[in-house]
Amino acid sequence: MFPYPDQYRVAIPPITTAFMVAWALISHAVFADASPFSLYPLLGLFPAVIGAHLYLIWLAKGMSRLDQCFYALVHIPLAFVVWTFTIMHVNGHAFS
């Protein structure tokens, strides 16, 4: 169906991280501070990024497993920082 399925598979974790940012920006504009509807999807997206990296390491078709491990080693800490700031952005002034 897709001409390059390996490239689409490798792009799943960064696309999930980009969706995290988009969800935080849109949901904060629509809902109140610390809305559960905007916060709970964010709490599930970071484990989804980790799960996607584990899936890529397990599958390891386009790149070797060592390359996938290095990709996960670089992307997961960056995604954690993005995840933390998206949660802070969605919470707004709710903790102060």
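The values are calculated or read from the model by the stated rules, or taken from the named source; none is laboratory data. This one's a predicted model, so the numbers in the text were calculated from it and none came from an experiment. Backbone-built Cβ (ideal geometry, glycine too); neighbour counts: all protein chains shown. The protein model used for the area step is the full one, side chains on, heavy atoms only, and it has no ligands, DNA or RNA in it. Shrake-Rupley method; radii C 1.70, N 1.55, O 1.52, S 1.80 Å.
Computed quantities for the displayed model
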{"item": "Criterion (under 19 Å from the mean Cα position of the chain (by Cα) and open to solvent by 70 Å² or more (accessible area, probe 1.4 Å)) met by exactly one of VAL30, VAL81", "result": "VAL81"}
{"item": "Residue that is most open to solvent (accessible area, probe 1.4 Å) [pool: residues in region 41-56 that are under 14 Å from the mean Cα position of the chain (by Cα), aliphatic (A, V, I, L, M) and closer than 15 Å to PRO14 by Cα]", "result": "LEU54"}
{"item": "ASP67 being outside any helix (DSSP H, G or I) and either among the acidic types (Asp, Glu) or in contact with a strand residue (DSSP E or B) (Cβ under 7 Å, 6 or more places away or on another chain) (or both)", "result": "no"}
{"item": "Search result, residues across region 22-64 that are outside any helix (DSSP H, G or I) and among the aromatic types (Phe, Trp, Tyr)", "result": "PHE31"}
{"item": "Sole exception among (1) of a type in the set (A, V, I, L, M); (2) free of Cβ contacts under 8 Å to residues at least 40 places away in the same chain; (3) surrounded by 12 or more Cβ atoms within 10 Å (Cβ to Cβ) for LEU66, by number", "result": "(3)"}
{"item": "Residue among LEU25, LEU59, LEU73 that alone is surrounded by 11 or more Cβ atoms within 10 Å (Cβ to Cβ), modelled with pLDDT of 90 or more and not acidic (Asp, Glu)", "result": "LEU25"}
{"item": "Among residues of region 1-58, those that are under 20 Å from LEU78 (Cβ atoms) and aromatic (Phe, Trp, Tyr), counted", "result": "4"}
{"item": "Failed condition for HIS89, given (1) of a type outside the set (Gly, Ala, Ser); (2) open to solvent by 50 Å² or more (accessible area, probe 1.4 Å); (3) under 12 Å from the mean Cα position of the chain (by Cα)", "result": "(3)"}
{"item": "ASP6 part of a helix (DSSP H, G or I), open to solvent by 60 Å² or more (accessible area, probe 1.4 Å) and either modelled with pLDDT of 95 or more or not hydroxyl-bearing (Ser, Thr, Tyr) (or both)", "result": "no"}
